[in-house]
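In what follows, a single structure is set out as structure tokens and then discussed.
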Amino acid sequence: MGMGRTLSSVTDVGPETGALVAHRSRRGLKIVVALVAAAVALVVAGGGALYAWDSSYAGRVLPGVTIGGTDLSGMTGGETLGAIAKALPYDTGTLVLRTPDGDVRIAFADLGRHANIDALTDQALAVGRGGGFMDRIFGELRVAREGTRLVPEVVFDEDAVAKAVDAVAARLVHAPTDATITMTAKGVIEIGRSRTGRTADSGPAAGAAIDAIRQPDAPSEIVIPVPVTIIRPAVEDAVVFDARTAAVRLARDLKVGFRDRTWTIRATRIRSWVRFEPGANGSIVPVVDEAKIPAVFGKSIARAVKQDPKSAQYLISRSGRIVGVVASSTGRKLDPAATTAAVVAALNERATGRTPLPVKIQTAVVMPRLGTSEAARKAPVMSLLGSWKTWFPISERNFNGANIWVPAKLINGTVLQPGEAFDWWDAIWPVTTARGFGPGGVIRVDHTEPTGALGGGMCSSSTTLFNAAMRAGLDMGARSNHRYYINRYPLGLDATVSIIGGGRQSMTFRNDMKHPIFIRGIRIQSGGVGWVRYEIWGIPEGRTVSLSRPSASNVRQATTNEVVVDTLPTGVRNQVEYPSNGMDVAVTRVVRDGKDRVIHRNVWVSHYMLWNGIIQVGR
């Protein structure tokens with residue numbers, strides 16, 4: 001029927017008509033019928049053979065079917081399964097996840113990767129066998145002639161791949177670690193190094209792995225990078241290294257001073273004050289704990305800078321009348337807060353690498369209880385015109401200091417009116433035990449007697465008052481040097497006093513000023529050492545006093561001799577005389593008034609005997 005339609009189609013198409021066409025149609029029809037008859041005969045003859053051929057491949061793969069280069073022709077289902085499994089070993093191989101910490105290898109088999117063998121076997125057996133008998137015949141002939149290549153199919157567990165990648169990525173993730181710096185209690189700087197952090201995005205890596213594993217022609221080793229992102233720490237190593245450098249600069253020995261005294265704060269102590277805190281722009285800076293600083297000043301520094309205020313004092317004469325006022329003066333004390341601030345400023349400046357100025361101890365003013373202005377309502381304010389202080393060892397040679405201090409007590413409060421003179425013996429007489437005097441040292445012709453005279457040793461007091469009055473610019477009178485020079489006194493300016501027999505050696509001076517003067521005698525003691533101090537107070541008139549350096553001549557060197565005595569145990573030594581060079585000494589004093597006119601010129605000449613030392617040695 002189909003051929004008839006084809007032919008009809010051909011017959012109907014063309015330009016010819018009439019008998020010629022009819023003639024040709026009859027002849028063509030005969031030919032077609034002959035061909036159809038021949039074809040039917042051929043089909044009938046070959047149909048049995050084709051049927052037999054098709055039947056021989058029942059349950060087997062038709063010829064021409066291949067997969068992955070393997071010919072499956074004629075194989076049964078079981079044989080096809082084995083052949084496909086061998087031809088497509090998709091479960092052998094490795095997925096390599098490449099990370100900064102190293103490669104992680106995962107076998108394909110662990111991911112369930114394999115060829116879909118059952119489906120491919122069914123597909124191989126079904127090739128060429130679709131439709132009716134004739135369709136199968138033509139399909140089988142076409143497969144045999146052209147061949148059929150089956151497309152491999154890969155199956156695997158995509159969730160297993162994603163989970164494996166997720167697990168690897170999770171191991172790559174860690175938070176950044178900030179660098180740290182601390183100062184231990186022992187003053188040791190400890191540093192903790194920083195560490196970068198990481199994040200890992202498993203999604204792209206998992207997607208790439210799944211796409212690669214799905215490919216039938218994938219290599220036996222699939223390498224997939226797992227990308228990471230580096231996270232910088234908030235505090236880098238460089239920050240703490242800079243902080244350590246600043247702390248080392250800061251925590252070095254530091255000197256603090258007050259006037260001519262200095263104290264050293266040791267580096268170990270300074271380090272105990274330091275802690276580290278965040279600074280500007282992400283920095284870390286050493287910070288000094290100010291609360292710990294005042295303890296370093298201690299009592300020694302506080303005592304060194306302390307000066308008690310002096311209230312205004314009334315100068316009271318020996319008769320009890322107020323004749324003048326000694327001006328008050330402010331005191332001072334350590335100012336811990338201000339000194340701490342100065343120390344902190346110096347340390348912070350040093351931390352930057354600069355060299356700070358020396359740290360000065362800061363003080364606070366202490367006001368006197370009685371000010372000058374308040375006290376001056378009762379009497380004129382006087383100034384210190386001259387003073388001197390002499391030290392001495394407290395011993396039997398001065399009746400344990402009494403022979404020096406008692407005169408000072410008796411003279412204290414003496415007022416000399418203008419033109420009035422002072423005489424040592426008149427001021428302290430009488431010298432009696434009832435008044436506190438006792439036996440003391442006296443220089444005889446060729447030796448010293450430790451307790452040879454009542455009031456002995458008072459020359460320390462008379463010498464001191466002479467120097468105070470002389471430096472006040474007063475008109476000096478009688479004065480005599482000791483038999484030999486005593487090195488506790490200013491050279492050429494000692495003033496001995498004595499009464500021997502009918503002879504009297506005194507020390508005198510006169511108030512040649514326009515206003516009264518007031519004499520203070522002061523006793524000072526510290527342990528076995530004593531001092532006596534005299535002060536001359538008055539209304540200043542502009543006088544100035546200049547002293548020349550002592551000029552020594554005719555110097556004779558003293559020696560020390562040993563003398564064997566029976567009064568000491570054998571070998572015991574006792575020095576009874578101390579050597580003093582013999583010499584002549586001259587000192588010049590010039591006193592000028594407020595108009596620079598010379599009103600006094602004195603040349604004091606002292607003739608000191610050569611005085612050899614003597615050491616007694618027991619026989």
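The values are calculated or read from the model by the stated rules, or taken from the named source; none is laboratory data. Since this is a predicted model, take the numbers as computed values, not measurements. Don't worry about glycine lacking a Cβ; one is built from the backbone with ideal geometry, like all the others, and counts go over all protein chains shown. The area values use the complete protein model at the heavy-atom level, side chains included, leaving out ligands, DNA and RNA. Shrake-Rupley method; radii C 1.70, N 1.55, O 1.52, S 1.80 Å.
Against the condition assigned to a strand (DSSP E or B) and either modelled with pLDDT of 95 or more or in contact with a Pro (Cβ under 8 Å, 6 or more places away or on another chain) (or both), how does Tyr484 come out, does it pass? For Tyr484, the condition - assigned to a strand (DSSP E or B) and either modelled with pLDDT of 95 or more or in contact with a Pro (Cβ under 8 Å, 6 or more places away or on another chain) (or both) - is not met. The residue list Ser553, Ser580 contains one member that is touching an Asp or Glu at 6+ places or on another chain (Cβ under 6 Å), of a type outside the set (A, V, I, L, M, F, W, C) and at pLDDT 95 or above, which is Ser553.
Does any residue of segment 361-378 turn out to be of a type in the set (S, T, N, Q) and under 30 Å from Asp593 (Cβ atoms)? Scanning segment 361-378, I find at least one residue that is of a type in the set (S, T, N, Q) and under 30 Å from Asp593 (Cβ atoms), so the answer is yes.
Among the residues making up segment 210-230, a single one is over 55 Å from the mean Cα position of the chain (by Cα), part of a strand (DSSP E or B) and surrounded by 15 or more Cβ atoms within 10 Å (Cβ to Cβ): Ile222. For Ala238, the conditions (1) assigned to a strand (DSSP E or B); (2) over 13 Å from the mean Cα position of the chain (by Cα); (3) over 30 Å from Gly69 (Cα atoms) all hold with the exception of (1). Taking the conditions (1) at pLDDT 95 or above; (2) more than 28 Å from Leu97 (Cα to Cα) in turn, Val161 satisfies each one other than (2).
Kindly check whether there is at least one residue in segment 187-203 that is of a type outside the set (Lys, Arg), open to solvent by 80 Å² or more (accessible area, probe 1.4 Å) and more than 30 Å from Lys292 (Cα to Cα). Yes: one or more hits. Do we find that Ile524 is under 26 Å from Phe399 (Cβ atoms), under 60 Å from the mean Cα position of the chain (by Cα), touching a residue at least 12 places away in the same chain (Cβ under 8 Å) and open to solvent by 40 Å² or more (accessible area, probe 1.4 Å) in this structure? Answer is yes for this residue. Could you say whether any residue in segment 138-150 is open to solvent by 40 Å² or more (accessible area, probe 1.4 Å), more than 30 Å from Lys292 (Cβ to Cβ) and assigned to a loop (DSSP other than H, G, I, E, B)? No, every residue in segment 138-150 fails to be open to solvent by 40 Å² or more (accessible area, probe 1.4 Å), more than 30 Å from Lys292 (Cβ to Cβ) and assigned to a loop (DSSP other than H, G, I, E, B).
Of all the residues in segment 477-493, those that are farther than 20 Å from Asn612 by Cα and crowded, with 21+ Cβ neighbours inside 10 Å number 2. Only strands (runs of 3 or more DSSP E) whose full extent lies in segment 522-599 are considered here, and the ones with at least 3 residues that are touching a Gly at 6+ places or on another chain (Cβ under 8 Å) are 529-538, 551-556, 560-565, 573-577, 582-592. Filtering segment 306-314 for residues that are on the phi < 0 side of the Ramachandran plot, open to solvent by less than 30 Å² (accessible area, probe 1.4 Å) and either modelled with pLDDT of 90 or more or of a type in the set (D, E, K, R) (or both) leaves an empty set. Selection over segment 270-290 of residues that are in a helix (DSSP H, G or I) and either in contact with a Pro (Cβ under 8 Å, 6 or more places away or on another chain) or over 17 Å from Thr180 (Cβ atoms) (or both) gives a count of 5. For Thr180, the conditions (1) closer than 30 Å to Thr268 by Cβ; (2) among the polar types (S, T, N, Q); (3) in contact with a Lys or Arg (Cβ under 8 Å, 6 or more places away or on another chain) are fulfilled apart from (3). Looking across segment 88-136, the residues that are of a type in the set (S, T, N, Q) and either surrounded by fewer than 18 Cβ atoms within 10 Å (Cβ to Cβ) or touching a residue at least 40 places away in the same chain (Cβ under 8 Å) (or both) come down to Thr92, Thr94, Thr99, Asn116, Thr121.
Of all residues in segment 442-470, those satisfying the criterion of being under 15 Å from Trp405 (Cα atoms) and surrounded by 20 or more Cβ atoms within 10 Å (Cβ to Cβ) are Gly455, Gly456, Gly457, Met458, Cys459, Ser460, Ser461, Ser462, Thr463, Thr464, Leu465.
Restricting attention to segment 178-206, the residues being in contact (Cβ under 8 Å) with a residue 24 or more places away in the chain, in a loop (DSSP other than H, G, I, E, B) and touching a strand residue (DSSP E or B) at 6+ places or on another chain (Cβ under 7 Å) number 3. So, in segment 71-87, exactly how many residues are open to solvent by less than 40 Å² (accessible area, probe 1.4 Å) and under 15 Å from Val151 (Cα atoms)? Residues meeting the conditions: 5.
In summary, Thr567 fulfils each of the numbered conditions (1) at pLDDT below 95; (2) β-branched (Val, Ile, Thr); (3) open to solvent by less than 50 Å² (accessible area, probe 1.4 Å) with the single exception of condition (3). For Val532, the requirement of being without any contact (Cβ under 8 Å) to a residue 60 or more places away in the chain and open to solvent by less than 50 Å² (accessible area, probe 1.4 Å) is not met. Across segment 384-421, the qualifying residues are those that are open to solvent by less than 20 Å² (accessible area, probe 1.4 Å) and part of a loop (DSSP other than H, G, I, E, B), and the one among them that is farthest from Glu449 (Cα to Cα) is Gly413.
Tell me whether segment 497-520 contains one or more residues that are open to solvent by 50 Å² or more (accessible area, probe 1.4 Å), among the hydrophobic types (A, V, I, L, M, F, W, C), within 18 Å of Ala468 (Cβ to Cβ) and in contact (Cβ under 8 Å) with a residue 12 or more places away in the chain. No: zero hits.
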